[in-house]
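The next block holds one structure in the form of structure tokens; read it before the comments.
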Amino acid sequence: MSDVQLPNSDKSAVDQPDAGRTPVRFRNPGLPAHQHRRADSDPKAARRAERQVLAMLGLSALGTVVSLVGYFAIPLDGTFGTLRLSNITLGLGLGFGIFFIGTAAVHLAKTLMPDTEAIDERHPQRGTDEERATAAEIMTASGQESGLGRRPFILGGLVGAAALAPLPAVALLRDLGPLPGDSLSTTLWAPGVRLALDPSAEPIRAADVTLGSVFHVIPENLYESSHFLDEKAKAAVLIMRVDPGVVQYRADREGWDVDGIYAFSKICTHVGCPVALYEQQTHHLLCPCHQSTFDLTQHCKVIFGPAKRALPQLPIEVDDEGYLVATSDFHEPPGASFWERG
Ligand code: FES
């Protein structure tokens with residue numbers, strides 16, 4: 001702000017700020033003199049700035065369209081490639097849409113909006129009715145002075161880009177539905193489905209599971225599913241072979257293991273991380289995310305950490321060819337707790 005020329009009656013207040021009352025005007029603390037911008041005096045510079053603002057608004061609109069294309073036109077076929085492409089397109093499109101609206105607004109304000117200095121009077125927060133009416137008039141006049149009315153292309157571009165920008169958010173609301181039904185409670189495990197190695201899907205013979213060993217397991221038919229990643233997130237299992245005598249007997253789990261081979265869901269019941277660490281000596285399973293610990297000797301009951309439920313057990317048996325198979329699905333939903341969990 002430049003030095004302000006004050007009426008003589010105010011100068012004493014400026015010069016005596018500590019004279020027991022609030023000065024009417026304060027000294028300029030040393031701000032440099034106001035510099036007028038080129039766009040204020042050079043019509044060519046103003047037109048150039050106008051084109052730049054329009055270009056930024058155009059890029060914003062383009063980004064929004066790209067994000068919509070990423071959402072609607074890239075089919076998610078369950079592979080990482082399409083998922084990554086869709087996420088990148090969505091993210092970049094949304095980012096460009098918002099970024100260029102911001103830069104256009106800043107550039108518009110810095111180059112084309114009125115650049116006159118004004119004195120901001122201090123007064124009680126609520127003015128008189130007359131002052132409020134005057135303020136409303138000033139606001140209206142400022143809107144007219146902003147020049148947007150004289151620059152219909154910029155106004156149109158601004159309205160267009162701002163109108164398009166929220167559309168991806170509206171489109172993303174689609175992801176809140178449809179309701180999952182019982183899909184969170186059921187998995188690919190069913191009577192006769194073989195237990196197979198993750199990720200090769202090679203079926204596992206009971207004889208290959210030696211005492212003390214642990215296997216990461218998927219249903220043999222996992223890759224036949226069109227949404228195999230979703231299915232894997234529910235059906236992943238760990239099998240461990242222990243001396244059958246170390247596991248507490250439970251009548252309701254009679255026949256769920258095969259000679260000390262136990263199968264439990266690998267998905268932590270806290271918030272769903274894979275429980276991937278098995279301590280052979282203690283028979284504890286550890287979740288690396290928040291250290292929930294499950295005790296195999298107590299049918300994977302929680303003995304430490306934030307998880308609230310035991311890992312669901314998968315009942316298994318051996319088929320005629322010696323392979324491990326499930327005898328049913330889990331008897332309760334695997335993974336993190338969720339609303340209406342049965
Ligand atoms: S997800 Fe396993 S402890 Fe939190």
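The values are calculated or read from the model by the stated rules, or taken from the named source; none is laboratory data. Note that the coordinates shown come from a computational prediction; the quantities given were computed from them, not determined experimentally. Heads up, the Cβs are rebuilt from the backbone with ideal geometry, glycines too, and the neighbour counts pull from every protein chain shown. Note: accessible area is taken over every heavy atom of the protein model, side chains too, but ligands, DNA and RNA are not part of it. Shrake-Rupley method; radii C 1.70, N 1.55, O 1.52, S 1.80 Å.
Taking all protein chains together and rolling a 1.4 Å probe, C289 ends up with roughly 60 Å² accessible. Sorting L285, L54 by accessible area puts them as L54, L285; the probe is 1.4 Å, largest comes first, and only protein heavy atoms count. Please check which bits of the stretch 207-236 a label hung off D77 would reach, taking the label as a point 7 Å along Cα-to-C-beta and the cut-off as backbone N under 13 Å. Counting backbone N atoms under 13 Å from the label point, the list is 226-227. Measuring only protein heavy atoms, the 1.4 Å probe finds I138 accessible over about 100 Å².
Here's the list of lysines a cross-link from K110 could span, going by alpha-carbon distance under 23 Å and ignoring same-chain residues fewer than 8 apart: K44.
Based on the alpha-carbon gyration tensor of the stretch 193-326 and its eigenvalue square roots a ≥ b ≥ c, which shape applies: rounded if a/c is under 1.5, prolate if not and a/b is larger than b/c, or oblate? Judged from the Cα gyration tensor, the stretch 193-326 comes out oblate (a/c at least 1.5, b/c at or above a/b).
Counting only aspartates and glutamates at least 8 places from K308 when in the same chain, those with an alpha carbon closer than 15 Å to its own are D295, E332.
Distances between placed amide hydrogens fall under 5 Å for F304 paired with T293, all partners being 5 or more residues away or on another chain. Across the chain, the mean sequence separation of Cα contacts (distance under 8 Å, 6 or more residues apart), normalised by length, yields a relative contact order of 13 percent. Heavy-atom accessible area with a 1.4 Å probe sorts Y262, Y249, Y323, largest first, into Y249, Y323, Y262.
Distance between the pseudo-spin-label points of H34 and L176 (7 Å out from Cα toward the beta carbon): 4.8 nm.
Taken per residue, the accessible surface of the chain reaches 60 Å², heavy atoms only and a 1.4 Å probe. Under a 5 Å amide H to amide H cut-off, with H placed in plane at 1.01 Å, what residues pair with L195 once short-range neighbours are removed? Sorted by chain and number, the residues that satisfy this are I204, L324, V325, A326. Ranking of W189, W256 by solvent-accessible surface, largest first: W256, W189 (1.4 Å probe, protein heavy atoms only, all chains present). With θ taken as phi - 60° and the Karplus curve 6.51 cos²θ - 1.76 cosθ + 1.60 applied, the whole-hertz 3J(HN,Hα) list for the stretch 60-70 is 4, 4, 4, x, 4, 5, 4, 5, 5, 4, x Hz, x standing for glycine and proline.
Which residue fluctuates the most in the chain, going by a Gaussian network model with Cα springs under 10 Å, if the choices are A276, A141, A163? Per the Cα network of the chain with a 10 Å cutoff, A141 tops the list. Of all accessible surface on the chain at a 1.4 Å probe, what whole percent is carbon and sulfur? Answer for the chain is 59 percent, counting heavy atoms of protein chains only. The heavy atoms of M113 present about 60 square angstrom of accessible area, all protein chains included, probe 1.4 Å.
Cβ under 14 Å from T210's Cβ, T210 left aside: what net charge do those residues give with Lys, Arg +1 and Asp, Glu -1? Local net charge: -1. Considering only S60, S185, S200, give the residue with the highest GNM mean-square fluctuation for the chain, with springs between Cα atoms whenever their separation is below 10 Å. Result: S200 has the largest fluctuation of those listed. Once a ≥ b ≥ c are taken as the square roots of the eigenvalues of the Cα gyration tensor of the chain, is the result rounded (a/c under 1.5), prolate (a/b larger than b/c) or oblate (a/b not larger than b/c)? It is prolate, given that a/c is not under 1.5 and a/b is the larger ratio.
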